[in-house]
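The values are calculated or read from the model by the stated rules, or taken from the named source; none is laboratory data. Quick caveat: nothing in here was measured; it's all calculated off a predicted structure. Quick reminder, even Gly has a Cβ in these numbers, built from the backbone with ideal geometry, and neighbours come from all protein chains shown. The protein model used for the area step is the full one, side chains on, heavy atoms only, and it has no ligands, DNA or RNA in it. Shrake-Rupley method; radii C 1.70, N 1.55, O 1.52, S 1.80 Å.
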Amino acid sequence: MTTTGPARTSSLMDDLLGLLRIRIRRGVNLAVRDINSSDPYIVVKMGKQKLKTRVISKDVNPEWNEDLTLSVTNPSLTVLLTVYDHDMFSKDDKMGDAEFEIKPYIEALRMQLDGLPSGTIVTTVQPSRRNCLAEESKVTWIDGKLVQDLVLRLRHVECGEVEAQLQWIDLPGSKGL
């Protein structure tokens, strides 16, 4: 029996394309779930990953400006964003959700663009029945990197939108795009 060295073990880095940073900017006109306001926070899920923003007290137009970072292994996965109202003594109330695809953003990243003037729009995603976009979403080259701004209309609720921005982080040692 001959051995050809140690058996190669598969690691997360083998499947990892990179990191997706989602900046949760703000909520607009979120639903009232307490007496005259809400204490909103957002849970972001993609595959088995789940991240959460901080709670903002008594505000239906909260400003989070918080970055949540997800590991991307499959660009076909969608991101589910759910807004909750934090309650001290009972189960947190759901204040709507929105789902979006990262595939158009990943496809723009794969174009390997470089040296574009800042502000160049690379691609645009139109609102449709399949996504939760409230308006068209542009993937834009800004200061040497691609970003996608999203305005998401919340589903399963009477009102509310969430503004977010996607950014890509390449990881040394990862599979890459």
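Taking 7 Å along the Cα-to-C-beta vector as the label spot, tell me the K58-D170 distance in nanometres, rounded to one decimal.
Here the modelled spin labels are 4.8 nm apart.
Which percent of the accessible heavy-atom area of the chain goes to carbon and sulfur, probe 1.4 angstrom?
49 percent
Quickly work out the K94-to-L177 label distance, labels modelled 7 Å from Cα along the C-beta direction, and quote it in nm with one decimal.
3.3 nm
Would you indicate which of (i) 1.09; (ii) 0.96; (iii) 1.07 is the value of Rg/Rh (Cα atoms, Kirkwood Rh) derived from the coordinates of this structure?
(iii)
I'd like to compare 108-119, 153-164: which one has the highest average count of other Cβ atoms within 10 Å, and what's the full order after that? Please report the intermediate quantities before stating the final value.
Working: 108-119: 11.3, 153-164: 17.9.
Top of the packing list down: 153-164, 108-119.
Between S128 and K103, what length in nm is gained on full extension when 0.36 nm per residue of separation is reduced by their alpha carbon distance?
7.5 nm
Taking 7 Å along the Cα-to-C-beta vector as the label spot, tell me the L113-V157 distance in nanometres, rounded to one decimal.
Taking the simple label geometry, L113 and V157 are separated by 3.1 nm.
Could you give the length gained by full extension between S37 and T69, i.e. 0.36 nm per residue of separation minus their alpha carbon distance, to one decimal place?
Answer, rounded to one decimal: 8.7 nm.
Please compute the per residue accessible area over region 18-168 with all protein chains in place, 1.4 Å probe, rounded to a whole number of Å².
Ligands and nucleic acids excluded, the figure is 52 Å² per residue.
Quote the FRET efficiency, to the nearest 0.05, computed for T78 versus T120 with a Förster distance R0 of 30 Å and r equal to the Cβ-Cβ distance.
0.70
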